1. I'd like to verify a number: residues in region 15-37 that are within 17 Å of Leu52 (Cα to Cα) and assigned to a strand (DSSP E or B), how many?
2. Scan region 38-54 for residues that are free of Cβ contacts under 8 Å to residues at least 60 places away in the same chain and in a loop (DSSP other than H, G, I, E, B) and jot them down.
3. Just checking, how many residues over region 96-128 are aromatic (Phe, Trp, Tyr) and either over 14 Å from Asp176 (Cα atoms) or in a helix (DSSP H, G or I) (or both)?
4. Scanning for something among the β-branched types (Val, Ile, Thr), in the same structural domain as Val221 (by TED's automatic domain parsing), under 25 Å from the mean Cα position of the chain (by Cα) and under 21 Å from Gln31 (Cα atoms), does region 152-165 turn up at least one residue?
5. Could you please tell me which pairs satisfy a Cβ distance under 9 Å, a separation of 6+ or placement on different chains, a first residue in region 121-135 that is among the acidic types (Asp, Glu), and a second residue that is surrounded by 18 or more Cβ atoms within 10 Å (Cβ to Cβ)?
6. Starting from residues that are touching a helix residue (DSSP H, G or I) at 6+ places or on another chain (Cβ under 7 Å) and part of a loop (DSSP other than H, G, I, E, B), keep the ones in region 70-83 and report whichever is surrounded by the most Cβ atoms within 10 Å (Cβ to Cβ).
7. Would you confirm whether or not region 33-42 contains a residue that is within 24 Å of Thr135 (Cβ to Cβ) and under 15 Å from the mean Cα position of the chain (by Cα)?
Amino acid sequence: MPSLFTPLSLGDLQLRNRIVLPPLTRCRSEQPGNIPGEMMVEYYRQRSSAGLMITEGTQIEPRGQGYAWTPGIHSEAQIAGWKKVTEAVHQQGATIFCQLWHVGRVSHNELQPGKQAPVAPSAIAADNVRVFIETGPGAGILTAPSEPRALTTAEVKEIVELYRRAAENAKAAGFDGVELHSANGYLINQFISEHTNFRTDEYGGSAENRLRFLREVVEAVSSVFGSHRVGVRFAPLFTSTDEERVYLGLVESDPHATYIRAAALLNELEVGYLSIAEADWDNSPEMPESFRVALRETFRSPIIYSGRYTAEKAQHVLEKGWGDLFGFGRSFIANPDLPARIKSGYPLNEVDHASLVAVLKWLKNPDEAFAGYTQLYPFDQYGVCASLIQDKAGLSQPATSLCLKALHNAGLVEASKVGKWTYYRRAEPRIREITDAVTQSLQAL
């Protein structure tokens with residue numbers, strides 16, 4: 001029986017476990033230019049024990065941005081920034097895909113080049129959604145998106161080409177593959193949905209035509225990476241909620257039929273994996289078993305599920321044969337060494353929800369930039385320090401514990417006893433260099 005730690009082949013890539021870092025918007029790119037900086041390098045490096053890493057949504061062009069300070073993949077500076085990220089995680093033996101993102105109508109004139117209207121399949125404004133715009137240095141607000149304009153047929157084809165170019169940029173940046181953000185009501189989802197696509201050309205009308213944009217984008221990026229290094233993310237919602245959210249997405253009249261047909265298309269195109277983002281609000285219903293079964297029968301390559309998963313729920317879905325990989329978003333935010341914790345049965349840190357996208361706080365006070373992002377959570381038990389020691393020296397758990405105790409005795413990490421657990425955290429910011437030195441000494445023994 002496979003477990004979350006059974007390796008998996010993803011095309012010609014070998015994943016060391018089934019635990020995925022899913023795409024998580026954190027709005028921490030450097031300004032101006034929406035460039036991945038050193039803080040993002042460290043953020044991804046810390047979480048590189050995942051079997052598969054997928055970046056936060058990364059806009060393929062300036063018009064594709066719906067939230068201030070999200071990173072792009074359309075300029076040379078952005079490519080160079082992402083290259084530092086991929087080099088850092090590859091040094092840890094990780095596999096990383098770039099999520100290509102275009103928000104379409106979910107944007108605001110203030111985020112658009114020349115303050116033009118956002119673009120969309122049809123000129124229909126998004127409702128029940130907020131975008132984030134900068135209002136000044138260190139200041140911003142959540143606000144309703146602007147009225148979009150409909151793309152011409154020629155412009156649709158130009159955006160397909162922009163996706164291909166973004167894939168080329170991702171390859172130049174060292175990514176192992178790309179994921180297409182086709183979920184949560186963004187551009188590709190807008191073409192698929194009956195609620196947002198009222199076009200009368202080849203991209204609208206029938207279900208086949210509404211899937212045409214997805215088909216052409218998949219084919220475009222596959223020409224760069226090969227189809228087996230392309231993933232697609234859907235969010236097939238079967239119900240809605242009154243819970244206040246930045247954006248829920250789109251609920252089709254027949255989500256089962258819509259997304260099984262889309263999955264059949266992706267199976268035909270032989271994409272590497274299909275990622276399913278489940279409803280994740282409080283008291284959200286379980287994904288219908290009938291949909292999981294139909295999806296497994298339709299799509300033959302690996303399937304990723306995410307949405308408030310626990311290790312126990314992931315193992316259940318894995319044993320049922322419905323899914324192959326599992327995303328742990330909030331858990332990975334609070335526990336950079338999540339795979340080690342799950343494997344050893346250690347307790348998990350709780351998420352600091354206030355810091356998830358706390359950009360205004362840290363823009364006003366740069367010292368807060370790392371809080372809830374790359375800073376270890378208080379008294380991280382078996383944290384990044386331990387993970388670095390294990391990964392670099394190949395030590396057993398007891399030997400790792402001895403190293404942590406030695407660092408503690410030297411005053412380089414702090415410790416706190418809570419019940420049977422000893423929790424460690426770094427006592428000063430150079431802990432990575434310190435653990436490097438410790439492991440080099442151990443390897444020389």
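The values are calculated or read from the model by the stated rules, or taken from the named source; none is laboratory data. All of these numbers come straight from a predicted model, not from anything done at the bench. Heads up, the Cβs are rebuilt from the backbone with ideal geometry, glycines too, and the neighbour counts pull from every protein chain shown.
1. 4
2. Ser48
3. The total comes to 1.
4. Looking for residues that are among the β-branched types (Val, Ile, Thr), in the same structural domain as Val221 (by TED's automatic domain parsing), under 25 Å from the mean Cα position of the chain (by Cα) and under 21 Å from Gln31 (Cα atoms), one finds none in region 152-165, hence no.
5. Note: pairs meeting the criteria are Asp127/Pro145; Glu134/Ala68; Glu134/Trp69; Glu134/Leu111; Glu134/Gly140.
6. Among them, the one singled out is Ile73.
7. There is at least one residue in region 33-42 that is within 24 Å of Thr135 (Cβ to Cβ) and under 15 Å from the mean Cα position of the chain (by Cα).
Every residue, every condition in (1) closer than 15 Å to Gly329 by Cβ; (2) buried (at least 17 other Cβ atoms within 10 Å of the Cβ); (3) not small (Gly, Ala, Ser), yes or no:
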{"site": "Pro7", "(1), (2), (3)": "no, no, yes"}
{"site": "Pro22", "(1), (2), (3)": "yes, yes, yes"}
{"site": "Ile35", "(1), (2), (3)": "no, yes, yes"}
{"site": "Met53", "(1), (2), (3)": "yes, yes, yes"}
